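What follows is one structure encoded as structure tokens, with my remarks underneath.
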Amino acid sequence: MSAAAKKNNIGKRENANPAAKWFLAPYLILFAVFIIIPMVIAIALSFTNFNTIEFPDLVGFMNYINLITQDEIFMQYVLPNTVVYVLVVGIGGYVLSFFLAWILAQISRVPRTVLALIFYSPSMTSGVAMTVLWKIIFTGDQTGYLNSILMKLGVITEPIVWLVDTRYLLPIVIIVALWSSMGVGFLAMMAGILNADEELYEAGAIDGIKNRFQEMIYITVPTMKPQMLFGAVMAVVNTFANGAIGVALTGTNPTPGYSAQLIVNHIEDYGFIRYEMGYAAAVSVVLLLIVWLFSTMAKKLFSEKD
């Protein structure tokens, strides 16, 4: 069937059920009010100088030019920190989610359910509760769990102020983010693995597949591309949007020495602390473009070709 014929059939099906549009109306209204309109306003404000009190002054592309040429904090700290964070938490967390889902799919139902709940539960934990747990571990005196263990083992002779030391803050944020990265994408991938057609594995065994790793490469991943795509998009969005961990652990924005400052933190710093909303909007538009770029790459990688 040609592409034009397929498009014609889709249009006929859409017009055959006009009541569906009324059921979609509440979602479309909420989507427009909370997503489309704020995004358009942010794009418009990015070309202005706006301090939230006076009427915005049009400045053209100056906010974007200043971001690239004048904002040393962004270029020296925020952008490199975000790149490292995305590579480890985004890509690493996505790969870890898949392998954990694949491993859990190989065991029986009861332990699989218990372990899946254990891995998933950190993503449901509120930021405050999560921060309290990790603050106890990384307390900067001898009462902190990590300092206490390392001092007893003789690894260190005096406590390390983990959440202030710029050498350790970003790795700590990455550890906490990985700990809480097993979200709905992890559950979707595990569901995709568990619902795979068993006949494909039987056919693969006849065709010469000899072990579970080959099954994963040649059967599991190709048959669960929708779940892989969903997990990838969720990983991209959550990774770029997650900037609360460093601020919650340290209690300051910006973080000490900008050592764990991410793009989201930079937006909050300029938007809600300095009240330079025009500049913050420009940074948010840049973040939106980056998220769109990574999401498009994930879609091309995992979308169905036929």
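The values are calculated or read from the model by the stated rules, or taken from the named source; none is laboratory data. Here the structure is a predicted model, which is why all the values come from computation and not from measurement. Positions of Cβ are backbone-derived with ideal geometry, glycine not excepted, and every protein chain shown enters the neighbour counts.
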Pair list, Cβ under 8 Å, 6 or more apart: region 217-228 residue in contact (Cβ under 8 Å) with a residue 40 or more places away in the chain and under 17 Å from L187 (Cβ atoms), other residue of a type in the set (A, V, I, L, M, F, W, C) and part of a helix (DSSP H, G or I): T220/W102; T220/I193; K225/F302; P226/F302; M228/F98; M228/M189; M228/V221; M228/F302
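Each row is one residue, and each column tells you yes or no for (1) more than 19 Å from M228 (Cα to Cα); (2) of a type in the set (A, V, I, L, M, F, W, C).
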residue: E72; (1), (2): yes, no
residue: Y77; (1), (2): yes, no
residue: V84; (1), (2): yes, yes
residue: V88; (1), (2): no, yes
residue: R112; (1), (2): yes, no
Matching residues, region 226-266, being buried (at least 21 other Cβ atoms within 10 Å of the Cβ), over 13 Å from the mean Cα position of the chain (by Cα) and β-branched (V, I, T): V247, T255
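Does region 287-304 include one or more residues that are among the charged types (D, E, K, R) and either at pLDDT 85 or above or surrounded by 13 or more Cβ atoms within 10 Å (Cβ to Cβ) (or both)?
no
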Filter result for L169 (out of contact with any His (no Cβ under 8 Å at 6 or more places or on another chain) and surrounded by fewer than 21 Cβ atoms within 10 Å (Cβ to Cβ)): no
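Quick grid of which residues meet (1) in contact with a Phe, Trp or Tyr (Cβ under 8 Å, 6 or more places away or on another chain); (2) closer than 17 Å to I172 by Cα:
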{"site": "I209", "(1), (2)": "yes, no"}
{"site": "T223", "(1), (2)": "no, no"}
{"site": "G231", "(1), (2)": "yes, no"}
{"site": "T239", "(1), (2)": "yes, yes"}
{"site": "N242", "(1), (2)": "no, yes"}
{"site": "I245", "(1), (2)": "no, yes"}
{"site": "T255", "(1), (2)": "no, yes"}
{"site": "D269", "(1), (2)": "no, no"}
{"site": "M277", "(1), (2)": "yes, no"}
Selection within region 184-200 - touching a helix residue (DSSP H, G or I) at 6+ places or on another chain (Cβ under 8 Å), under 28 Å from Y120 (Cα atoms) and part of a helix (DSSP H, G or I): V184, G185, F186, L187, A188, M189, M190, A191, G192, I193
Subset of region 249-306 (residues that are under 30 Å from K225 (Cα atoms), free of Cβ contacts under 8 Å to residues at least 40 places away in the same chain and touching a Gly at 6+ places or on another chain (Cβ under 9 Å)): V264
